[in-house]
Structure formats: structure tokens, C-alpha cells
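The values are calculated or read from the model by the stated rules, or taken from the named source; none is laboratory data. For clarity, every value in this text was computed on a predicted model and none was experimentally measured. Cβ placement follows ideal geometry from the backbone for every residue including glycine, while neighbour counts extend to all protein chains displayed.
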């Protein structure tokens with residue numbers, strides 16, 4: 001068995017080093033590896049949003065990647081995308097799939113080109129509605145993160161008899177102040193609105 005150096009010497013003797021030769025030679029280094037496809041992880045998405053799938057591969061430019069997404073009950077539209085080499089380091093591919101016909105569940109996303117294969121899971125969820133529940137003997141309040149706004153306490157408020165020109169009840173003023181502070185807080189950072197929990201008590 002010949003070493004790499006010995007093989008190079010044999011080639012040089014038969015080409016550029018041969019008497020009277022005008023051959024040219026250039027040494028190149030090649031990396032040989034097994035073909036692969038790698039899908040990036042996908043965060044949960046809502047029904048109706050676009051499912052974006054991204055991956056990397058060492059397959060050559062123009063290789064077609066077949067991408068499917070399915071659950072136990074529903075198969076989403078298939079996508080076929082070509083590999084692009086936007087950098088010398090790695091090939092990439094991207095696909096977008098509509099989820100309007102999806103149902104809630106976990107979907108298996110698979111990518112293959114006939115040689116390489118990979119898969120990831122993605123959860124498709126529906127928008128959670130704001131839930132209002134009625135519980136006895138408690139107060140009405142709104143809590144956001146670690147802040148709390150008391151809007152109404154049935155045991156603390158009595159309905160006063162007022163004339164059209166009478167001074168507003170102090171407890172009503174407290175309610176108005178709490179609502180105003182709550183609205184200002186929402187305007188500062190609407191993202192906290194997602195964590196709103198509402199309880200109505202009678």
C-alpha cells in the first residue's frame with residue numbers, strides 16, 4: 001500500500017517531472033464526509049400562522065429537499081425546496097407552509113432528499129381565550145405579573161344615596177384610580193397583558 005506522499009511522487013514523475021513535459025499540476029485538498037440534512041428546532045405556532053422551516057446540509061447546490069408536516073389526523077401541504085450555498089461553509093434551505101387547515105396537535109416535520117433525512121416536532125396551538133370565572137365571597141381584582149389592582153370589594157362598598165350634586169363616594173374614587181393606574185401600566189408594556197388573570201367575585 002502506498003502512502004499519500006508516494007502516490008504524489010508517482011503522479012509527478014509521470015507528468016510534470018517527466019522529461020520534456022510541459023504539464024501543469026495543482027494540489028487540492030478535499031473533505032469527504034457523509035451527506036446530511038439538519039432541521040432547526042421550531043417554536044410553537046398558532047393555527048393560521050405560517051410554519052417556517054429552516055435547515056442546513058452538505059448536499060450540493062440545487063439539491064431538492066422534500067419537506068412534509070403531519071400529525072396523527074392532518075397532513076399539511078408538502079414543500080420542495082432547493083439547497084443554496086450562500087456561504088462556503090454550509091448549504092441551507094428554507095420552506096414556508098400555511099397552517100390554516102391545521103388542527104391543534106404535535107406535528108412531525110420531515111426533510112429528505114433520497115439520501116439524507118432529519119425530523120423535528122412542532123406544536124400547533126390555538127389562541128387561548130380570556131377566561132372569566134365567578135367565585136363566591138371574594139373581591140374583583142386584576143393581577144399582572146407581581147402587581148395587583150383591587151377594583152371592587154363587595155364587603156367594603158355600600159351604595160350611598162346621593163343627590164345629583166353630592167361628592168363622589170371615596171371608594172368609587174379608589175376604583176377609578178386603580179383602573180387608571182392599570183391602563184397606564186398596560187400602555188407602558190402591552191406584553192404583560194398576556195399574563196392577565198381576572199377573577200370576579202360576588
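Scan (1) loosely packed, with under 10 Cβ neighbours inside 10 Å; (2) more than 30 Å from residue 105 (Cβ to Cβ) for the single condition residue 18 breaks and write down its number.
(1)
Being in the same structural domain as residue 112 (by TED's automatic domain parsing) and within 30 Å of residue 127 (Cα to Cα) narrows it down to one of 58, 73, so name that one. Outline the logic, then answer.
Details: 58 fails: within 30 Å of residue 127 (Cα to Cα).
So the residue among 58, 73 that is in the same structural domain as residue 112 (by TED's automatic domain parsing) and within 30 Å of residue 127 (Cα to Cα) is 73.
Output the residues belonging to segment 41-56 that are more than 9 Å from the chain's Cα centre (by Cα) and over 15 Å from residue 79 (Cβ atoms). If you could, list the steps in order and put the result at the bottom.
Initial filter on segment 41-56 (more than 9 Å from the chain's Cα centre (by Cα)): 46-50, 53-56.
The answer is 46, 47, 48, 49, 56.
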